[in-house]
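Visitor: Mind having a look at this structure? Questions to follow.
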Amino acid sequence: MTTSEQPQFLGSKDLRPIPDPTELTTAAVDRSEKTMKEWITSQLAIRDERLSAIDSATNLRLDALHAVPMRIAEELAHEREISDEKFKSVAQQFTERDTRIAETSNLNKIALDAAFAAQKEAAAKEGDANQKAIDKSERAVSERIEKDAALSAANNSALSDKLDDQKDRITALDLRVQRTEAAALGGHSAYGYVWVALGAMIGVGGLILGVVTAIIR
């Protein structure tokens with residue numbers, strides 16, 4: 001230890017030892033304060049950075065939250081547009097269906113009216129044809145009746161003439177029979193009766209045959 005480093009206790013006004021521990025302590029304290037300040041400053045800087053990051057994240061979250069209603073509104077508007085398009089499409093489909101039903105109904109009515117008109121016309125034509133056929137048949141029947149009546153009248157006239165002829169023959173035959181009977185009563189033989197009877201039978205047979213033939217004709 002040198003003389004300058006030895007503590008001076010006697011005859012000196014400054015009684016602090018050399019080197020002075022106060023200076024060392026002060027320097028140590030200063031270093032500690034500087035280190036503490038640097039640490040605190042760094043911690044504060046870290047805190048500030050974290051707070052700034054938190055603020056940024058909070059702002060981003062707030063921006064996102066603020067954007068949510070807008071997004072919801074946009075999505076709702078988009079869904080509304082889609083729903084409106086769907087409703088318009090459905091309404092259009094109903095309108096087209098109603099139009100098709102109306103057109104089909106009109107076409108069916110037109111076809112039904114045409115079918116009724118054709119059926120009515122066909123029925124009228126068929127009725128005319130039937131009436132013509134009936135008229136023709138009636139005329140044919142009338143003509144046939146007239147012909148049959150004329151033929152019947154002719155047959156009746158012929159039959160009447162033949163009956164008159166047969167009556168004349170019967171009358172003549174009756175006269176002959178009477179003459180024959182008178183002759184027989186006058187004294188002729190039995191052969192005369194035979195010839196008289198045979199003549200009468202032949203005359204009656206001819207009369208019957210003539211009547212039957214007239215009826216058949």
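The values are calculated or read from the model by the stated rules, or taken from the named source; none is laboratory data. It should be emphasised that the depicted structure is a prediction, and the values quoted were computed from it without experimental measurement. Every residue, glycine as well, gets a Cβ built from its backbone with ideal geometry; the counts of neighbours run over all protein chains shown.
Visitor: Determine the pairs where a residue that is loosely packed, with under 10 Cβ neighbours inside 10 Å and hydrophobic (A, V, I, L, M, F, W, C), located within region 90-106, has a partner that is modelled with pLDDT of 85 or more and not in a helix (DSSP H, G or I) with Cβ atoms under 7 Å apart, the partner being 6 or more residues away or on another chain.
Guide: Short answer, once both residue conditions are applied: none.
Visitor: Please pick out the residue among ASP48, ASP63, ASP98 that is in a helix (DSSP H, G or I), of a type in the set (Asp, Glu) and within 31 Å of the chain's Cα centre (by Cα).
Guide: On the way: ASP48 fails: within 31 Å of the chain's Cα centre (by Cα); ASP63 fails: within 31 Å of the chain's Cα centre (by Cα).
Of the residues listed, the single one that is in a helix (DSSP H, G or I), of a type in the set (Asp, Glu) and within 31 Å of the chain's Cα centre (by Cα) is ASP98.
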